[in-house]
Amino acid sequence: MVASLLASTALALAGPAQPVFQLRLADEMPSDNSERMTYVTHYDQHLVTHVFFVQKTVLLDETALKSAKPGTDARGRGIIDVTFTDAGTKKFAEVTRQNIHKHLAIIIDGQLCQAPVIQTEISGGKAQISGNFSNQEAKDLAKKISEAAKKK
């Protein structure tokens, strides 16, 4: 009984678990509903820091995903291929259709990993996340996202 009470107290103090995967809109200017987030990329042997003001409203999270798998791009860099559930596919298509020419922040483990500009509606139920992932990082993150998606 005491152990159970201590465990539930510890969970309450820790608060809800941080979502592993989130998609939110991002701007280049701050607002009342945004938080400053950065990510770093390598470009021509230089480090470039990208600063965005990411809206606090979560558009999609890991509950919209069916799976995440690691892969490599044409240059051999790590990528993550995600597949959405049926409901996630519909929501992702709606989000991309309604936010063309806006930045879509991709947040994994509370860290901004990319903020690409939405060019067109994406309705096929799949997406690819590329960034500065090593192949091992892509494997680890894909595994973590998939495990979170399965817990829904």
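For the reader, a short list of remarks on this structure follows.
- Placing +1 on the Cβ of every Lys and Arg and -1 on the Cβ of every Asp and Glu, with no other charges, gives the chain a dipole of roughly 440 debye about its Cα centre.
- Estimated from helices alone, the mean residue ellipticity of the chain at 222 nm is -9000 deg cm²/dmol (sum of -39500 (n - 2.57) over DSSP H runs with n ≥ 4, per residue).
- Shape category assigned to the stretch 17-150 from the gyration tensor of Cα positions, a/c cut at 1.5: rounded
Values quoted throughout were computed directly from the atomic coordinates according to the rules given, and no laboratory measurement underlies them. In this text the structure is predicted, and so the values were computed from the model without any measurement. Glycine gets a Cβ as well: all are built from the backbone with ideal geometry, and neighbour counts include every protein chain shown.
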